[in-house]
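Worksheet: one structure, shown below.
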Amino acid sequence: TAVGAILGQILHSLCYGLFHPAAVAFVSTHVPPQKRAVGLTMYLSLGVGLPTFIGSAIGGYVVELFGYRMLFGSYTVFSLIGLIVYAFFAGQLSETRPAR
């Protein structure tokens, strides 16, 4: 429905608005100053650009073959995978020291 799409877009905007600055701050504090430009470039290209390109291509095929319901349903699967990966690595991330 239109209301669901609007609410979903608002939620997406909120989440991205919180995630992106946090990711940039994480890279900025965990990458040495002399390599910070490379770290931020890698984050933006591999963490934003490449997934956008791949997601658009694969998403088009999923919509053509299975429809929008399957496309949006797959987001749940990827979110759960992300939570599992986070749970696995969360302890290791808290043990790393920020770069100086």
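Kindly establish whether residue 63 is at pLDDT 90 or above and surrounded by 10 or more Cβ atoms within 10 Å (Cβ to Cβ). Yes: the conditions hold for residue 63. Of the residues making up the stretch 66-84, those that are under 17 Å from the mean Cα position of the chain (by Cα) and among the hydrophobic types (A, V, I, L, M, F, W, C) are 71, 72, 77, 78, 80, 81, 83, 84.
With respect to residue 6, is the statement that it is loosely packed, with under 11 Cβ neighbours inside 10 Å and within 16 Å of the chain's Cα centre (by Cα) true? Judged against the criteria, residue 6 is not a match. From the list 43, 61, 16, the lone residue that is in contact with a helix residue (DSSP H, G or I) (Cβ under 8 Å, 6 or more places away or on another chain) and under 20 Å from residue 78 (Cα atoms) is 43. Going through (1) surrounded by 11 or more Cβ atoms within 10 Å (Cβ to Cβ); (2) of a type in the set (A, V, I, L, M); (3) within 21 Å of residue 82 (Cβ to Cβ) one by one, residue 14 falls short only on (1).
Is it true that some residue in the stretch 22-42 is surrounded by fewer than 11 Cβ atoms within 10 Å (Cβ to Cβ), touching a residue at least 12 places away in the same chain (Cβ under 8 Å) and part of a helix (DSSP H, G or I)? The answer is yes, given that some residue of the stretch 22-42 is surrounded by fewer than 11 Cβ atoms within 10 Å (Cβ to Cβ), touching a residue at least 12 places away in the same chain (Cβ under 8 Å) and part of a helix (DSSP H, G or I). Here residue 11 does not fit the description of being in contact with a helix residue (DSSP H, G or I) (Cβ under 9 Å, 6 or more places away or on another chain) and part of a helix (DSSP H, G or I). Taken as a whole, the structure leaves residue 62 outside the set of residues that are in contact with a Lys or Arg (Cβ under 9 Å, 6 or more places away or on another chain) and free of Cβ contacts under 8 Å to residues at least 40 places away in the same chain.
The values are calculated or read from the model by the stated rules, or taken from the named source; none is laboratory data. What you are looking at is a predicted structure, and each value in this text was computed from that prediction instead of being measured. All Cβ positions, even for glycine, are placed from backbone atoms using ideal geometry, and neighbour counts span all protein chains on display.
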